[in-house]
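Everything on this sheet refers to the single structure shown next.
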Amino acid sequence: DQVREGAAAMGEALGAGLRSASETPLNQPLGPHRRFDWLDMDLAEVKHVKDVLGGTVNDVVLATVAGALRRFLSLRRVAVDDLLIRANVPVSIRRRDQRGTLGNRIALFMPELPVAEADPLERLAGVRDAMARLKESRQAVGAEVLAAVSEWTSATLLSAAVRVATRGRPYNLVVTNVPGPQQPLHLLEARMLTCYPAVNLLPMQGLGVALFSYAGTLFWGFTADLDQLPDLPVFVRAVHESFEALEAAAAEMEERVRSIRAEG
């Protein structure tokens, strides 16, 4: 029964990548040139939005990316209401009793980003629902089985499987968020001030978004194919504006709660 359940779960985890996401201007053949840009956010402000509106920090990040994609693709005159956009979101599946052990324990979830949703609150709700469904589905179990299989599968076989999976455009971009130390780090007497992460681009994937939290700041790193995104700073600005919309929604909700309490 355990073998049958594990096989079914692994099939669901792999099958999720067989349904193609929409083709967008961000999913064209890669050229040889890259562009990198970055953005800083106050981690306390991100957590405040999370506390007021619900969800996790990663939910707020994904909702912010969804809003930015809506703004950016709309400027490219893409019909965003008809798109199926997925993100490849690495999620740690390391249990508490595995803390401190060597190796990665990562599941690759592929939630649909609600790019068609114009309201920032509804976008966040859509992300929360999508991530909750994935965590409760067989994909979470299947990811653990795949993680175990990868420990004894040859690197050649594993890389071949990855190449086959990415040909079908299972997702449009990677969004990876890694929590880092919140105390300042030093090399001798030199304090590390910033840390902008970068993610490699896979075939037909012209944009990658990576985040790293450190010493009270959420650092965003954007890696792009230069030919597909010569206007990468426009997307970075869209990320900032998308988060501002969530902040405004959180402030409005707080004001509404205060009014209700005052009336009561």
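A few points about this structure:
- Near Ala125: Cβ cut-off under 12 Å, other residues only, Lys/Arg at +1 and Asp/Glu at -1. The net charge is -3.
- Potential lengthening of the chain between Gln183 and Asp129 amounts to 16.2 nm, from the contour at 0.36 nm per residue minus the alpha-carbon distance.
- Put a dot 7 Å past the Cα of His240, heading toward its Cβ, do the same for Asp51, and the two dots end up 2.6 nm apart.
- Percent carbon-and-sulfur accessible area, the stretch 200-251, ignoring ligands, DNA and RNA, probe 1.4 Å: 62 percent
- Packing rank of 242-253, 213-224, where each peptide gets the mean count of other beta carbons within 10 Å, highest leading: 213-224, 242-253
- To put it simply, the accessible area of the stretch 24-86 at a 1.4 Å probe is 51 percent carbon and sulfur.
- Each Lys or Arg adds one and each Asp or Glu subtracts one; over the other residues with Cβ under 13 Å from the Cβ of Val49, this totals -4.
- Accessible area of Glu254 in the full protein assembly, 1.4 Å probe (Å², nearest 10): 60 Å²
- Each residue, Asp227 and Tyr196, gets one label point 7 Å from its Cα in the Cβ direction; the gap between the two is 2.4 nm.
The values are calculated or read from the model by the stated rules, or taken from the named source; none is laboratory data. As the structure is a computational prediction, the values presented were derived from the model and not from experiment. No Cβ is skipped: glycine too gets one built from the backbone with ideal geometry, and neighbour counts run over all protein chains shown. Please note that ligands, DNA and RNA were not included when accessible areas were found on the heavy atoms of the full protein model with its side chains. Shrake-Rupley method; radii C 1.70, N 1.55, O 1.52, S 1.80 Å.
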